[in-house]
Amino acid sequence: MRFADAMIAALLDGGLDERRASWVFWTIQYLTLGLTQEEQALAAQCGVHTLGPALAGGGYPALGRVVPDLEDAAFTERFEFGLSRILSPSGPTAP
């Protein structure tokens, strides 16, 4: 609760209204949890990716084109990329 309160306070102090601050908080939480889960799953598989072999049949050509980027294990870079998009002035807005 202290972490959530401090984070939302920082977002409010940064100029976001209450709704946007709460939604940005949740978005950051989901990004963090999702990347952490993916990183742990990859570690449990000893770094073996399964997406590329699953796409070998060619049934999903768009996914096949980007599979190297989807399997990129640069979790810190991916987190920073996502966080920068979330916190950008034109980032996500609450409906």
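Quick rundown of the values:
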{"item": "Answer residue from segment 46-61, given it is closer than 16 Å to residue 74 by Cα and exposed (fewer than 12 other Cβ atoms within 10 Å of the Cβ) and is modelled with the highest pLDDT among those", "result": "46"}
{"item": "Single condition residue 90 does not satisfy, out of (1) modelled with pLDDT under 85; (2) more than 29 Å from residue 11 (Cβ to Cβ)", "result": "(2)"}
{"item": "Only listed residue being among the acidic types (Asp, Glu) and closer than 19 Å to residue 84 by Cα, chosen from 17, 5", "result": "17"}
{"item": "Selection within segment 64-88 - free of Cβ contacts under 8 Å to residues at least 60 places away in the same chain and among the aliphatic types (A, V, I, L, M)", "result": "66, 67, 70, 73, 74, 83"}
{"item": "Filter result for the condition that a residue is assigned to a helix (DSSP H, G or I), aliphatic (A, V, I, L, M) and either in contact (Cβ under 8 Å) with a residue 40 or more places away in the chain or exposed (fewer than 14 other Cβ atoms within 10 Å of the Cβ) (or both), over 4, 21", "result": "4"}
{"item": "Qualifying positions in segment 30-63 - in contact (Cβ under 8 Å) with a residue 12 or more places away in the chain, closer than 30 Å to residue 4 by Cβ and not β-branched (Val, Ile, Thr)", "result": "31, 35, 38, 39, 42"}
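The values are calculated or read from the model by the stated rules, or taken from the named source; none is laboratory data. Everything numeric in this text was worked out from a predicted model, so none of it was measured. Reconstructed Cβ throughout: ideal geometry from the backbone, glycine too, with neighbour counts over all protein chains shown.
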